[in-house]
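Below is one structure, written out as structure tokens; comments come after it.
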């Protein structure tokens, strides 16, 4: 029976709606997926079903890692990501109802909803003696998961079918989409129930907490521009006094840092148990995609130059305004999150010195003490990073033996709660000292100082709404790069139509680069590009002078692509399921 389920994991919504029907379909599903009438006879069986709802696939789906789309590669849907000559179907504008992750994510989320509904239905009439406290705890966690799955659905697809019980075959074929704001009301109801029941902490097995429910509610409220609900939920999470900012930004994302004070809701992983095999973007073949070649990786996924240029200088100014910025030494005097996110040239990363200069032909392997070919130089390997830069965030020396790594997957962390609160207050134009404090706490942590030490970092002081909105957006980009949040931000800010209709640039080939860039002493960037009020870099001048080349061109149709298409199979099987405009 398990092999059957594995084959239908990406099947139609209809399959998941029918999981609870009184027919033989019950026997097609494993017990862990809440599928048997003989199940739910003990706490252990209920908790097995509950554990299934926290499978990483529901929180970080990765259906198509080979093409960098999905899950941990969510940044591939944004302007923060670059590749040799590839765009994703989101950044290339080719997304349609048959795109793999469109089908897979839809089915993942409805599968989670179906499992939560089955669990809740069985808990309404328990089949064994259970304490009221445990019963309510199980229900609260199931409703937390259901709310989180619907939050993802309405963000990507808008109006969606809402199901809170198992359906008959006829009911399933007749169901249609309802207004996303009505779904949002049900999401709030589930989160509010979870908040009223869930504990602030656990002494044993860890599930969702009160803070997690508040944080996740604040996120979907922010995404739906319900500023009041976002403000109130974020503030309630902050007032729990259960969370804080981990003191070292770079260390926070390393494998050794687990369940820190900043983790509001995260999914733990284990190499020894192989938990990454089901859906984590850091399984070995994907870890290699972002690792330097000199360390055994193939590094054909990189940060974009757009992201690189978005990190402010230490004076709090963008690179085109700051006197501290030197385009030939682009890592100097930058916000510390720049070098915590992107590998600085000439520094040790893993087992070697990372240096993409085309004339740097050898490097030292610090694990063996030997001089080896510098495979991260295009003077050695033509397929080395085409824009010269590489991801550093989250990577440490334990990567480079076998690439089996299991960093904690942060679904939402406290820095996000602080910035959600600040953004909601800014949009409500309720700007006060608490708004500046929330943003400055996040920024000061990057500099490893207390936010009150305003002379030691570029603290924000302006209370002008438009200026603070711009600062908040820059802060989010610097703070959450490579965490999969940029795509949601540019969509909800309606910036996707601007930033995803730009070109992705990289270095010209080494022979020409030596003549035009290196010999005149212009390595790495030959000049400082202008950056507009939305943080978009203008590379036109450098391109027109032949200093750089176009790698890929992005495309985004503002009349179509802000919503994803309903999977084509759903439209074909159900006449009541209407497609989003333009697909």
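We did not get these values from a lab; they are worked out from the coordinates using the rules stated. Remember, it's a predicted structure, so these values are computed and weren't measured experimentally. Ideal geometry is used to build each Cβ from the backbone, glycine not excepted, and the neighbour counts take in all protein chains shown.
Among 366-377, 476-487, the peptide with the highest mean count of other Cβ atoms within 10 Å heads the list, and the full ranking is 476-487, 366-377.
In percent, how large is the relative contact order of the chain, given Cα pairs closer than 8 Å and 6 or more residues apart? For the chain, the relative contact order is 18 percent.
For the peptides 426-435, 440-449, residues were scored by their other Cβ atoms within 10 Å and the scores averaged per peptide; the highest-first order is 440-449, 426-435.
The angle between the Cα long axis of helix 180-197 and the longest principal axis of the Cα atoms of the chain comes to about 80 degrees, rounded to the nearest 10. Here residue 205 and residue 402 are evaluated by their C-beta separation; at R0 = 22 Å the FRET efficiency comes out at 0.15.
If I take every Cα pair under 8 Å that is 6 or more residues apart in region 503-553, average their sequence separation and divide by the length, what percent do I get for the relative contact order?
Numbers: 49 pairs, mean separation 28.1, N = 51.
Once divided by the residue count of region 503-553, the mean separation gives 55 percent.
If you count, for each residue, the other Cβ atoms within 10 Å and average over each peptide, how do 411-421, 340-350, 236-246 line up from highest to lowest?
Working: 411-421: 24.7, 340-350: 19.6, 236-246: 17.3.
Ranked from most to least packed, the peptides come out as 411-421, 340-350, 236-246.
Counting only alpha carbon atoms, the long axis of helix 433-446 and the longest principal axis of the chain meet at about 60°.
What FRET efficiency comes out for the pair residue 348/residue 515, r = Cβ-Cβ distance, R0 = 41 Å, nearest 0.05?
On the way: r = 31 Å, r/R0 = 0.75.
Calculated value: 0.85.
Is it possible to state the helix-based mean residue ellipticity at 222 nm for the chain, with each DSSP H run of 4+ residues giving -39500 (n - 2.57), the sum divided by total residues, to the nearest 500 deg cm²/dmol? What is it?
Numbers: 21 runs with 216 residues, N = 583.
Counting only the DSSP helices, I get -11000 deg cm²/dmol.
Against the main long axis of the alpha-carbon atoms of the chain, helix 414-427 sits at an angle near 90°.
Of the labelled figures (i) 1.11; (ii) 0.97; (iii) 1.00, only one reflects Rg/Rh (Cα atoms, Kirkwood Rh) as derived from the coordinates, namely (ii).
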